[in-house]
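Enquirer: Please read through the structure below; I'll follow up with questions.
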Amino acid sequence: MQVELKNITKRFGSVVANKGVNLTIRPGEVLGLLGENGAGKSTLMNVLCGLYSPTEGEIVVDGTPVRFDGPGDAIRAGIGMVHQHFMLIPVFTVAENVVLGVEPVGRFDHLDLEKARAQVRRLSEEYGLAVDADALVETLPVGVQQRVEIIKVLFREADVLILDEPTAVLTPQEVDEFFQIVRSLCDAGKAIVFITHKLNEILEISDRISVIRRGEIVGSGDPKKLTRPDLAEMMVGHPVDFNVERAPFDPGEVILDVSDLTVLHDDGAVAVDHLSLQIRSGEVVGIAGVQGNGQSALIETLAGLRPPAGGKVLFEGADITTASPRARHRMGIAHIPEDRQAAGLIGSFTVAENMVLDSYYSARFSNRGSIDWGRVNAAATTATQDYDVRTPSIHATAGHLSGGNQQKLIVARELSRDTRLVIAGQPTRGLDVGSIAYIHARLMAARDEGDGILIVSSELDEILSVSDRILVMFKGRIVAEYEPNKAPVDKGTIGLAMAGAAP
Amino acid sequence: MTVLLDKARQRQTRVTGVALIALGVLIAVFFAPDATGSATFRLSRPTDVWPVPNLVVPGGPFIYVVSALLAFLGARQFLSGAAKWSALSLGIGLAIAVAAFLVWATAGKSFSLTGMLQASIVRAVPIALGGLAGVLSERVAVVNIGIEGMLLAGAFTGALVGSLAGGVAGLAAAVAVGGVFGFVLAALVVTYRMDQIIAGVFINLFVLGLTSYISSQVFQEYRALNNAPVFRTIEVPFLSDIPVIGPVFFNQNIFVYGAFILAGLATYYLFHTRHGLRARAVGEHPRAADTLGINVYRTRYINVTVAGMVAGFGGAWFTLGSVGRFDEGMTGGRGYIGLAAMIFGRWHPVGALLAALVFGFADSLQQKLALLRTPIPSEFLAMAPYVATIVVVAGVVGRARAPAADGKPYVKE
């Protein structure tokens, strides 16, 4: 089934989300749709899957123009979407989720779950998507939930599958598995639209690439002929420098000294297992590892959010093992949390309020117990300008900013003071290329001023591009250490260490 | 598996154990010395087809046995720390404690157990139907505080239309008016996205005010408007002759049968049909349902309207199923208790029905005990069963999980 989008324009009030977009989706082919967050990828695909109706233009399926009045119409036409945020009911079983909306029924509207299970089993065998039809979705790992989403779309006999940022939630291993699934779907004659902002992935999986910027298709091409810099330039509109600029590596004295640290999960299981590490002034230490190997617990402990079960943490010689988050903050430790929406900012507060979350009580902003909003607003205005936080106003709520701007807001709050140590958890997860480069540059600037930087990331490319020293974490321990300044580091070797193979 | 959780669970088990032992001691100390003579529980009437001999329980010994049993259960809990049987032990413990209480109150007298059970079921009906209405609307994520008002509207309409056009017409009108209020609630919260609690409270106050006004201004004047026929009990052939069970379950009026049948139908609907699956999906994750082409708004309208109809039917019980006349505010908070039954019943129709039966039992127990003239002040008697219920529910049922989207309006993108 061939689907054409012809001259699609979508406006929300005065905002133009898509403008004159033309795309052709062919069977047996992966169309990569590349664009930054907010470029209009998701809007375009929501038009295609019937959630939005286009302001202008038409959708043509096998030569016939069609009109979708809702997702139901698109599903019937054979277009299925796997949303970035899964559309699964956690308390339903896999089979119930798959058949929801197109349930097999017997007499008296009786739900034929036996038939549903059989159909799930058939699809999972046919496409190599291993799932247990009777498992409750909430008990499944994210990668398996994604398979359920795909089975759901296949069950509706979709010939066109739209995958919206499908790898955002996956671990590197799961991404590999996922790509195999995509290829087998393609071999079965399905047309795939793969939406992403990750350059490596789109080059690896696509047969054709279209790049969208500010709602318009700005370029298309063959992945074999395109390079990362080409794509990045098309995506952001100007050349992107992937090399992070920095001063020569010249570490100073030890700032953070962690020895024999043990941390437990909430359920009592060991998260960090007798771990020791040191961070020196002017050094970026990158912790690589597959998510769930204790990195989050390590960061939380260093930030003072989780009490350690054993071991010692020294900061510039002082014992901070049990120091409160505020005490650490005052000593010059900055913390960029992993989950920016849950722990980094308060979505319903304004940009200005978020900017002083850590310092509202200080003499700078407070006067005998009441906050001096004039000074807060002045400081927030300066900080948003200094850190390129693009917001309609400092009084806009932080929850409405894009991910990149939210993260810049957090970085602005954490770094716009005299810091000695920066602890950053997944600082660029889910961000656009421009924001990533910006945040990296800011972290490097802090390093060059003599701060110690600890970056935890599950994206190996990020670790490789910013770190002076790379530690690999596996099952709560540091299992390997690399110094790119001394000897070139091979990605494959690190990958093996991340998977637990002894180096 | 998990160290911290285990510790918490162990502590809870210990607390349960101590509570059971304390209960056993209390019963032995306070009840046993008073319980002289035997308690006689009448199980059938002389006119029954198969009369059953009375159940005669020796007061003192029974109470001692119960307190020993409680102490044993408690000690076992405390020592073994076996969290597995904790809930069950507590449940059994409380049940036999209530039995001991009943024996103590009846010692030296006689008392119709069957009659009390029959009354329990009758009193459970409005609570069960209120709870069922709650289940139907909360399963599609609409919190329905307005059940109290819908019950009252059903009671009023039943009395008014019943007086004018007979019982069946009255019942139909009560169901229809309940449905209208359900629809109004749906319109307010689904289409106009009004706060669900406020919309429900609005319905309650509106109905209370309107019916009270009419009943004091109009019914006082024209008494014929408030004199409805009452649905008689229907004996189910053969089944009603079974001792104890027969009179309790199979010699009741249509409201009792209706509550049981509706609970069964609602279970079938919610858990075994296509539309039930969709309704639950709308209550858990409306956006997901929407992406699959399920009409979230229509599903909510239909379910909340049907919930209103069920509440209207339950409301008719107050007038057409019991006294035949309407009094101001005669539902007396049964709608709210129905919501409690829904939560205790874990948002399951059968669970809500069972919870309502516990409340009904509590209600009729305190009434009968008041007749037996126990030394405990009647206010405390009225309170004790509810307290026991809350303990049972908190201890036995544990944490229940509401539909994930419960109370949240859905805004289409």
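Enquirer: Filter segment A:450-503 for residues that are farther than 26 Å from A:E201 by Cβ and in contact (Cβ under 8 Å) with a residue 60 or more places away in the chain and give the result.
Expert: The answer is A:G450, A:D451, A:G452, A:I453, A:L454, A:D468, A:R469, A:K475, A:G476, A:R477, A:I478, A:N485.
Enquirer: Just to verify a result, which residue in segment A:183-203, among those that are among the β-branched types (V, I, T) and closer than 15 Å to A:S42 by Cβ, is nearest to the chain's Cα centre (by Cα)?
Expert: The extreme case among them is A:T196.
Enquirer: Moving on to the next point. Limited to segment A:97-106, what total is found for residues that are facing another protein chain (nearest Cβ under 7 Å) and β-branched (V, I, T)?
Expert: So the answer is 1.
Enquirer: Condition test on A:V263, is it at negative phi, assigned to a loop (DSSP other than H, G, I, E, B) and among the β-branched types (V, I, T)?
Expert: Judged against the criteria, A:V263 is not a match.
Enquirer: Give me the residue from segment B:262-297 that is at the interface with chain A (Cβ under 7 Å from one of its Cβ atoms) and not in a helix (DSSP H, G or I) and, out of that set, surrounded by the most Cβ atoms within 10 Å (Cβ to Cβ).
Expert: Result: B:H285.
Enquirer: Next up: Report yes if A:A424 is surrounded by fewer than 24 Cβ atoms within 10 Å (Cβ to Cβ) and within 23 Å of A:S458 (Cβ to Cβ), otherwise no.
Expert: So A:A424 does not fit the description; no.
Enquirer: Do we have A:K312 as of a type in the set (D, E, K, R) and within 24 Å of the chain's Cα centre (by Cα) here?
Expert: Judged against the criteria, A:K312 is not a match.
Enquirer: To continue, here is another question. State which residue is farthest from A:E283 (Cα to Cα) when the search covers only segment A:229-268 and only residues that are of a type in the set (G, A, S) and away from chain B (no Cβ under 14 Å).
Expert: Applying the filter and picking the extreme gives A:G237.
Enquirer: A follow-up question, please. Consider A:C49 against the criteria (1) in contact with a helix residue (DSSP H, G or I) (Cβ under 7 Å, 6 or more places away or on another chain); (2) under 27 Å from A:R390 (Cβ atoms); (3) within 14 Å of chain B (Cβ to nearest Cβ): it satisfies all of them except one. Which criterion is unmet?
Expert: Tallying (1) in contact with a helix residue (DSSP H, G or I) (Cβ under 7 Å, 6 or more places away or on another chain); (2) under 27 Å from A:R390 (Cβ atoms); (3) within 14 Å of chain B (Cβ to nearest Cβ), A:C49 fails exactly one: (2).
Enquirer: Here is a list of conditions, (1) at pLDDT below 90; (2) on the phi < 0 side of the Ramachandran plot, and B:S137 meets all of them except one; can you say which number that is?
Expert: (1)
Enquirer: Every residue in segment A:36-62 that is of a type outside the set (A, V, I, L, M) and either at pLDDT 90 or above or closer than 24 Å to A:F155 by Cα (or both), please.
Expert: A:S42, A:N46, A:C49, A:G50, A:Y52, A:P54, A:T55, A:E56, A:G57, A:E58, A:D62
Enquirer: Identify, please: which residue in segment B:331-350 is part of a helix (DSSP H, G or I) and out of contact with any helix residue (DSSP H, G or I) (no Cβ under 7 Å at 6 or more places or on another chain) and is, among those, surrounded by the most Cβ atoms within 10 Å (Cβ to Cβ)?
Expert: Only one residue fits best here, namely B:A340.
Enquirer: Based on this model, can you work out whether B:A405 counts as modelled with pLDDT under 75, surrounded by 14 or more Cβ atoms within 10 Å (Cβ to Cβ), among the hydrophobic types (A, V, I, L, M, F, W, C) and not in a helix (DSSP H, G or I)?
Expert: Taking the combined requirement at face value, the residue does not satisfy it.
Enquirer: Next question, about the same structure. I'm checking my understanding of the structure. Among residues of segment A:63-96 that are part of a helix (DSSP H, G or I), among the hydrophobic types (A, V, I, L, M, F, W, C) and over 19 Å from B:K412 (Cα atoms), which one is farthest from the other protein chains (Cβ to nearest Cβ)?
Expert: A:V94
Enquirer: Quick check on segment A:82-98. Is at least one of its residues more than 28 Å from the chain's Cα centre (by Cα) and at pLDDT below 90?
Expert: The answer is no, given that none of the residues of segment A:82-98 is more than 28 Å from the chain's Cα centre (by Cα) and at pLDDT below 90.
Enquirer: Further question: Quick check on A:T171: is it under 18 Å from A:L88 (Cα atoms) and either modelled with pLDDT under 90 or not assigned by TED's automatic domain parsing to the domain that holds A:H85 (or both)?
Expert: So A:T171 fails the test.
Enquirer: When you scan segment A:266-291, how many residues do you find that are part of a loop (DSSP other than H, G, I, E, B) and free of Cβ contacts under 8 Å to residues at least 60 places away in the same chain?
Expert: Final tally of qualifying residues: 4.
Enquirer: Would you check if A:G20 is in contact (Cβ under 8 Å) with a residue 60 or more places away in the chain, surrounded by fewer than 22 Cβ atoms within 10 Å (Cβ to Cβ) and either within 14 Å of chain B (Cβ to nearest Cβ) or out of contact with any His (no Cβ under 9 Å at 6 or more places or on another chain) (or both)?
Expert: Spelling it out, A:G20 is indeed in contact (Cβ under 8 Å) with a residue 60 or more places away in the chain, surrounded by fewer than 22 Cβ atoms within 10 Å (Cβ to Cβ) and either within 14 Å of chain B (Cβ to nearest Cβ) or out of contact with any His (no Cβ under 9 Å at 6 or more places or on another chain) (or both).
Enquirer: If a residue has to be surrounded by 15 or more Cβ atoms within 10 Å (Cβ to Cβ), in contact with a helix residue (DSSP H, G or I) (Cβ under 8 Å, 6 or more places away or on another chain) and small (G, A, S) to count, how many in segment B:191-243 make the cut?
Expert: Total satisfying the criteria: 5.
Enquirer: For residues that are free of Cβ contacts under 8 Å to residues at least 40 places away in the same chain and within 12 Å of chain B (Cβ to nearest Cβ), tally how many sit in segment A:116-138.
Expert: 1
Enquirer: In addition: Hey, among the residues in segment B:307-330 that are crowded, with 20+ Cβ neighbours inside 10 Å and either in contact with a strand residue (DSSP E or B) (Cβ under 9 Å, 6 or more places away or on another chain) or of a type in the set (A, V, I, L, M) (or both), which one's farthest from the other protein chains (Cβ to nearest Cβ)?
Expert: Going through the qualifying residues, I end up with B:M330.
Enquirer: Which one of these is under 27 Å from A:T262 (Cα atoms) and either out of contact with any Cys (no Cβ under 6 Å at 6 or more places or on another chain) or outside the structural domain of A:G450 (by TED's automatic domain parsing) (or both): A:I320, A:I346?
Expert: Checking each option against the conditions leaves just A:I320.
Enquirer: Let me ask something additional. If only one of B:T305, B:T273, B:T331 is over 23 Å from the mean Cα position of the chain (by Cα), within 21 Å of B:V135 (Cβ to Cβ) and either in the same structural domain as B:G149 (by TED's automatic domain parsing) or hydroxyl-bearing (S, T, Y) (or both), which one is it?
Expert: So the residue among B:T305, B:T273, B:T331 that is over 23 Å from the mean Cα position of the chain (by Cα), within 21 Å of B:V135 (Cβ to Cβ) and either in the same structural domain as B:G149 (by TED's automatic domain parsing) or hydroxyl-bearing (S, T, Y) (or both) is B:T273.
Enquirer: Considering each of A:V160, A:V153 in turn, give the residue that is at pLDDT 90 or above and within 11 Å of another protein chain (Cβ to nearest Cβ).
Expert: Just one listed residue meets the conditions, A:V153.
Here's the yes/no breakdown for (1) closer than 30 Å to A:T493 by Cβ; (2) of a type in the set (A, V, I, L, M, F, W, C); (3) out of contact with any helix residue (DSSP H, G or I) (no Cβ under 7 Å at 6 or more places or on another chain); (4) surrounded by 17 or more Cβ atoms within 10 Å (Cβ to Cβ):
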site: A:S296; (1), (2), (3), (4): yes, no, yes, yes
site: A:A309; (1), (2), (3), (4): no, yes, yes, no
site: A:I320; (1), (2), (3), (4): no, yes, no, yes
site: A:R340; (1), (2), (3), (4): no, no, no, yes
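The values are calculated or read from the model by the stated rules, or taken from the named source; none is laboratory data. All figures in this text were calculated on a predicted structure; none of them were measured in a lab. Note that each Cβ is placed from the backbone with ideal geometry, even for glycine, and that neighbours are counted across all protein chains shown.
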